[in-house]
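Comments concern the structure below.
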There are 2 protein chains.
Amino acid sequence: MPDVNKTVLRLDRFLPYRLSVLANRISRSLADQYQAEFGISRPQWRVLAVLGETDNLSANDLVDRTAMDKVAVSRAVSGLVNKQLINQSDDKKDKRRSRLSLTPKGLQIYAAIVPAALSFQQNLLANLSAEDIHHLDAILEKLGN
Amino acid sequence: MPDVNKTVLRLDRFLPYRLSVLANRISRSLADQYQAEFGISRPQWRVLAVLGETDNLSANDLVDRTAMDKVAVSRAVSGLVNKQLINQSDDKKDKRRSRLSLTPKGLQIYAAIVPAALSFQQNLLANLSAEDIHHLDAILEKLGN
DNA sequence: TGTAAATAGTTTCATATGAAACTAATGTGT
DNA sequence: ACACATTAGTTTCATATGAAACTATTTACA
């Protein structure tokens, strides 16, 4: 990032801006795909993705694992329950919680989205060398503190 | 990005997700600052930043340079006009357009935000080596197609 | 020229989002 | 056991956002 120390700021060289534009472009393009094919919103996709990895989580676990606030999780969950892609069962030990898991239908959609998502990612990474990919991984890790 | 070829998808390793979470965290943190200090919204900041670089642009020029849609630009501009940070003068050649530029007050706020923004960016980059920064620049460029 | 298509920018309207308030249940200290 | 504080999750409400429709003007070209 040359130019960084100048007193002038070029927006198109400014890291927060560049990251934001790139991330939004990518996320939106991916979301358009699963939205069109499966009628799934972005928050709903995140919930599906996490429950596909690890079943039987509470809404709060999803908050931790999806980087969304509890309102967003609550809404995503209720949307997915409505679509019958996940189900809520009572937590015996804590009546405030419910345990969430994919229904067979949810699992089916999950199984259909994952390859599309991975191939989308492959497409992105196709522009990068193996070293680039490694660097990117490390840099994202560092920036994530 | 190891794990990329597996059929399973770990959300926290998925590039669109990682980028989105990181970019949003960063943008939000920065926005909290100029929001608190200057009462400026994110779209408004982008408009100020561009007009600070290059004066006398049309709203459409701003669309190109801020990666925002014309509705967002229109609203940001009218907000900034209300705050008297920018002014609109008629374009003689085309009555549909207006030429936008910073007012003295706008320039003053711009001059106050820029160092804060640059130091924010410095803070981010402080976690990275010089090579990292160079790599990041190149990778963002490649991902931006 | 006169008329259709294109462009600049605004407004409308429906949806997304998030902070704060709320409900219900659990945990804590006495 | 009994308040008081905390936590899980939902609802409310005010604001942000964006697609589509709209207005005004300019461009293209018959």
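We did not get these values from a lab; they are worked out from the coordinates using the rules stated. No experiment lies behind these values; they were computed from the predicted model shown. Backbone-built Cβ (ideal geometry, glycine too); neighbour counts: all protein chains shown.
Label-to-label distances for A:ARG97 across copies, nearest first, come out at 6.0 nm, using points 7 Å from Cα in the beta-carbon direction. Sorted from greatest to least, the principal axis extents spanned by the alpha carbons of the range B:18-111 come out as 46, 26, 20 Å. Since only A:MET68, B:TYR110, A:VAL81 are under comparison, the one whose Cα sits farthest along the positive direction of the charge dipole of the protein assembly as shown, derived from C-beta charges on Lys, Arg, Asp and Glu, is A:VAL81.
Note on A:ASN123 and A:SER74: the model spin-label points, each 7 Å out from Cα along the C-beta direction, lie 3.6 nm apart.
Computed from point charges on the beta carbon alone (+1 for Lys and Arg, -1 for Asp and Glu), the dipole magnitude for chain B about its Cα centre is near 580 Debye. Legend: mean number of C-beta atoms from other chains within 10 angstrom of residue C-beta atoms, peptide B:20-33, equals 6. In degrees, nearest 10, range 0 to 90: what is the angle between the Cα axis of helix B:70-82 and the longest Cα principal axis of chain B? Long axis of B:70-82 versus the principal axis of chain B: about 50 degrees. So the label point goes 7 Å from the Cα of A:ASN87 along Cα→C-beta, right? Which residues of the range A:104-141 then have their backbone N under 13 Å from it? Within reach of a label on A:ASN87: A:104-107.
Per-residue Cβ counts within 10 Å, from other chains only, averaged over A:130-136: what number is that?
Mean number of neighbouring Cβ atoms from other chains: 5.
Here the label points at A:GLU53 and A:ALA130, each 7 Å from Cα along the C-beta direction, are separated by 2.5 nm in the simple model.
Panel order for A:LYS142, B:LYS95, by other beta carbons found within 10 Å of each beta carbon, from fewest to most: B:LYS95, A:LYS142.
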